[in-house]
Amino acid sequence: MAKTSTTTQGLRAAIERSGYYPALVAEAVEAAVGGEPMRSYLVHQETTFDQNEVRRHVTVLVLTDNRFIVSHTDEQAADSTSPTPYATTSTESVKIGRISSIVVSRVVANPESYKPGTLPREVVLTIGWGAVSRIDLEPAACGDPNCEADHGYTGNSTADDLSLRVSEAGDGPETVREALAFAQALSEATADTTG
């Protein structure tokens, strides 16, 4: 849930509403935030299907005046390393000035009749700060269809530290609004650090 000028209680309530190990998630996020006031946050819980298992995952994003905090919590079934189910929670703290890319992709139905302010049916928020880059390579070729020479490779490198998808059908319209609000707050915060 994205909110501006939020309180710890508001974040905790959003984590509890997600219903996903709220005490564990809240403790990890609150420890990472420390005493800093929050400008915005987004809590996104998703369920995936892995063969015969249902797995849950929650991502919590928090924006403070100085940092962007990312928390991921995943649950795991019992396995050879643990006789009981377990969860893994990780947090990462990134200085606002390190954020190099914010991409907001919006999927809109019937674009020919789009009216400003209409909620997209899906939003993908991709944030890059240089911790993870994806390289897509493919064999290079020339225009000669009979050429058998090795032309090396061509490709591109993309900052892809975090990608989060929310949809109206799967998450509800309020979550789509919250994702857009968080993306705007983050964009504004990064603009503040460059000026």
Fluctuation leader among VAL58, VAL103, VAL123 - the chain, Gaussian network, Cα springs under 10 angstrom
VAL103
Counting only protein heavy atoms and using a 1.4 Å probe, what share of the accessible area of the chain belongs to carbon plus sulfur, as a whole percent?
48
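Which peptide among 87-94, 10-17, 137-144 comes first, and what is the full order, when sorted by highest mean count of other Cβ atoms within 10 Å? Intermediate values should be presented prior to the final figure.
On the way: 87-94: 14.5, 10-17: 17.9, 137-144: 9.1.
Packing proxy ranking, top to bottom: 10-17, 87-94, 137-144.
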PRE reach from TYR86 (point 7 Å along Cα→Cβ): which of the stretch 6-32 fall under 17 Å by backbone N?
24-25
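How large is the accessible surface per residue of the chain, computed with a 1.4 Å probe and reported in Å² as a whole number?
On the way: 11390 Å² over 195 residues.
It amounts to 58 Å² per residue over the chain.
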Explain nothing, just the number: dipole magnitude of the chain about its Cα centre with +1 on each Lys and Arg Cβ and -1 on each Asp and Glu Cβ, in debye rounded to the nearest 20.
800
Note down the nm distance, to one decimal, between modelled labels 7 Å out along Cα→Cβ at ASN52 and at ALA23.
3.2
With unit charges on the beta carbons (Lys and Arg positive, Asp and Glu negative) and the dipole taken about the Cα centre of the chain, which residue among ALA181, VAL103, VAL54 sits farthest to the positive side?
ALA181
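May I ask for the net charge around ALA77, where only other residues with Cβ less than 10 Å from the Cβ of ALA77 are counted and Lys, Arg are +1 while Asp, Glu are -1?
-3
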I want the antiparallel fraction of DSSP beta bridges within the chain, as a percent rounded to 5.
100
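The values are calculated or read from the model by the stated rules, or taken from the named source; none is laboratory data. Being a predicted model, the structure only gives us computed values, none of them experimental. Positions of Cβ are generated from backbone atoms using ideal geometry, with glycine treated the same way; all protein chains shown enter the neighbour counts. What goes into the accessible areas is simple: the full protein's heavy atoms, side chains included, and nothing from ligands, DNA or RNA. Shrake-Rupley method; radii C 1.70, N 1.55, O 1.52, S 1.80 Å.
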